[in-house]
1. Out of all the residues in the stretch 205-255, which are within 30 Å of residue 170 (Cβ to Cβ) and touching a helix residue (DSSP H, G or I) at 6+ places or on another chain (Cβ under 9 Å)?
2. Can you find even one residue in the stretch 223-231 that is more than 30 Å from residue 30 (Cβ to Cβ), surrounded by fewer than 18 Cβ atoms within 10 Å (Cβ to Cβ) and out of contact with any Ser or Thr (no Cβ under 8 Å at 6 or more places or on another chain)?
3. Of (1) of a type outside the set (Asp, Glu); (2) farther than 19 Å from residue 206 by Cβ; (3) in contact with a strand residue (DSSP E or B) (Cβ under 7 Å, 6 or more places away or on another chain), residue 9 satisfies all except one. Which?
4. Output the qualifying pairs, or none if there are none: Cβ atoms under 6 angstrom, residues six or more apart or on different chains, first residue in the stretch 41-52 and in the same structural domain as residue 11 (by TED's automatic domain parsing), second residue assigned to a helix (DSSP H, G or I) and not hydrophobic (A, V, I, L, M, F, W, C).
5. Taking the condition of being more than 23 Å from the chain's Cα centre (by Cα) and among the charged types (D, E, K, R), how many residues in the stretch 102-155 meet it?
6. List every residue pair whose Cβ atoms sit under 6 Å apart, with the two residues 6 or more apart in sequence or on different chains, where the first one lies in the stretch 70-85 and is over 19 Å from residue 188 (Cα atoms) and the second, anywhere, is of a type in the set (A, V, I, L, M) and not in a loop (DSSP other than H, G, I, E, B).
7. What helices (runs of 4 or more DSSP H) lie completely within the stretch 1-107 and have 1 or more residues being within 27 Å of residue 217 (Cβ to Cβ)?
8. Of everything in the stretch 23-39, what is farther than 18 Å from residue 196 by Cβ and in contact with an Asp or Glu (Cβ under 8 Å, 6 or more places away or on another chain)? Give them in sequence order.
Amino acid sequence: MKVEIVNLKKHFGATHAVNDVSFSFGAGQVVGFVGPNGAGKTTTMRILATLDEPTSGDVLLDGVSVVEEPERARHLVGYVPDSLPTHRDMSVHDYLDFFARAYGLMGAQREQVVESVEEFTNLLGIRDKMLVALSKGMKQRVSLARALLHDPGVLVMDEPAAGLDPRARIELRELLRVLSGQGKAILISSHILTELAEICHAAVIIEHGKILMAGAISDLLSTNVERRTVLIRVLGRQAELYRDLLEMPGIATAQLQGADVAAEINGTDEACSDVLTALVGRGYRVIEFKQQRANLEEIFMTVTKGVVQ
């Protein structure tokens, strides 16, 4: 399964919620969709799930257009919204059975599929509970189960970890690993960037309806961000090193961390090299000069401005 978002635009009056967005991903990949509130993530995901129509552009699911063939595309994608609608008079099993019928599953096959999905998402023990009585984590499981009933090749998940306790988040991560291992192409938005870096193969950072940065997680984490954090260890003179670093040009901050001094250096690798050369020139016996790789949160803060439409 290959998913291609092609020059996607969605306008609400003068607001360009999605403004010429293009990226692609494929089977077995988990892609993090990252951006501040109002960046255009949910609108893009709803278009991918055939719930909204774009102003222009398209999404292709193995060549099937969500604009030209929405009914056909709908069978290829499963959508997990950020919250499950509250139905006070439906049990978990009745809810899933209803959607299985909507997808055209009949008789013994429908019963088998519903039970199999309930088992996979660990819902068998609560299948008779009313939806309104479920915790946030259990509702997210039900929402995921509904999206899996027709065995789609693409999963679109909008903030599935929001409001979950630590155990539920861990269980969600494990489910995502299993699903990607089954060959599903997964697009997931989240504000918990540390977790995205653990489970995603790639990430797309969007703001004001436009893509700011996209690529493999490993490439994003090694990108040339404007500031580097370096751990420095010397033989003796640690307090003197700390004071000297604070006075050196190009050093944003410095702080003592055990036997090390952590320094934030403005610039790229060349700036780090200049600092090391300067320290050796001042007679410091440097035994460790280790650059800490930027994390996804730092990259996000570097490339976004917090603009809301």
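1. Across the stretch 205-255, the qualifying residues are 205, 206, 207, 212, 213, 214, 217, 220, 221, 223, 225, 229.
2. yes
3. Status for residue 9: all satisfied but (2).
4. Sorted first by the residue in the stretch 41-52, then by its partner, the pairs are 50/70; 50/74; 52/46.
5. 8
6. Pairs that qualify, where the first residue is over 19 Å from residue 188 (Cα atoms) and the partner is of a type in the set (A, V, I, L, M) and not in a loop (DSSP other than H, G, I, E, B), are 72/64.
7. 41-48
8. Within the stretch 23-39, just 24 meets the criteria.
The values are calculated or read from the model by the stated rules, or taken from the named source; none is laboratory data. These figures come from a predicted structure and were not determined experimentally. Reconstructed Cβ throughout: ideal geometry from the backbone, glycine too, with neighbour counts over all protein chains shown.
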